[in-house]
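First the structure, in the form of structure tokens, and then the observations on it.
The values are calculated or read from the model by the stated rules, or taken from the named source; none is laboratory data. Just so it is clear, the model here is predicted, and its values are computed rather than measured. Glycine also receives a Cβ, built like all others from the backbone with ideal geometry; neighbour counts cover every protein chain displayed.
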Amino acid sequence: MSWPGPAAPPPPRDLSSLSPTSSLQFAADLARDLGRPVPELWATIAEKIKVPFDPERNYHPEFDGYEPGETVKQADVVLLGYPVPYELSPDVRRKNLEIYEAATSPEGPAMSWSMFAVGWLELKEPRKAQVQLGKCFHHISEPFKVWTENADGSGAVNFLTGMGGFLQAVLFGYTGFRITREGLAFDPTCSAEISSLRVPGISYLGNKLSFSFSADTVTIAVTATAKEGSPPLEVELRPSAKRLPLPVGHKVSFPITAGRIQRRPL
């Protein structure tokens, strides 16, 4: 997570603490899956790491003592939810986005706007997402479409972080893709600017999948299996919990909704 400004000292108990929390929880989950003992200290440390929250304003302060309106350099709190797997209610997610969208410096680095776009797409606000995604294009310099860290052309040149953020806004924003313990989740959102989206070549559990999303339809196909013994897959739709098998070489279409790709019981 970033400090409020490029020269400010580190604030007390800022949200950078969420990275070790997530890492400890992931390590504990992995150890359980592998049948290894999990040190109790891991869970104790993860539970005791402070995550600042203001219950009156219903949002996460960047750090203890932060006041809404104080300028921040780049996206930080809005990383909660994605890519940091931290569970938030829709109301808190929205409040975080609103407060930090207004407070983030327009002179900040390119990757900030794509993370705001992902957040708004989670909340099914494609117009607000498109405004943020449009800011990314201010960081592209002609004639060779080179990305720069800052919109005025300063900072790092050929700025891979900004490019990566932009790609993630498409791949994880408009599709809603999330990799979870239960499966590969999706929750697509289309807009007037992006009316359809096709994502081929997704590898999952030894299978190759192709996704197509439009304003009213989702189409999924398992196009190939990478090796013998790859588990058969199914899609479980949400919130209906309806399950549809995904045989290799066949397309499955259904009205647009959220869902999850998972192993099909044998």
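I'd like the full set of residues that are loosely packed, with under 13 Cβ neighbours inside 10 Å and without any contact (Cβ under 8 Å) to a residue 40 or more places away in the chain, limited to segment 58-91.
Matches in segment 58-91: 67, 69, 87, 89, 90, 91.
What's the number of the only condition in (1) surrounded by 13 or more Cβ atoms within 10 Å (Cβ to Cβ); (2) within 17 Å of residue 183 (Cα to Cα) that residue 224 fails to meet?
Going through (1) surrounded by 13 or more Cβ atoms within 10 Å (Cβ to Cβ); (2) within 17 Å of residue 183 (Cα to Cα) one by one, residue 224 breaks only (2).
Suppose we filter segment 233-266 for residues that are modelled with pLDDT under 95 and crowded, with 16+ Cβ neighbours inside 10 Å; how many remain?
Final tally of qualifying residues: 0.
If you check residue 223 against the conditions, is it assigned to a strand (DSSP E or B), among the polar types (S, T, N, Q) and within 23 Å of the chain's Cα centre (by Cα)? Let's see the steps before the verdict.
On the way: assigned to a strand (DSSP E or B): yes; among the polar types (S, T, N, Q): yes; within 23 Å of the chain's Cα centre (by Cα): no.
So residue 223 fails the test.
Restricting to segment 174-223, name every residue that is under 25 Å from residue 84 (Cα atoms) and among the acidic types (Asp, Glu).
Of everything in segment 174-223, those that are under 25 Å from residue 84 (Cα atoms) and among the acidic types (Asp, Glu) turn out to be 182, 187.
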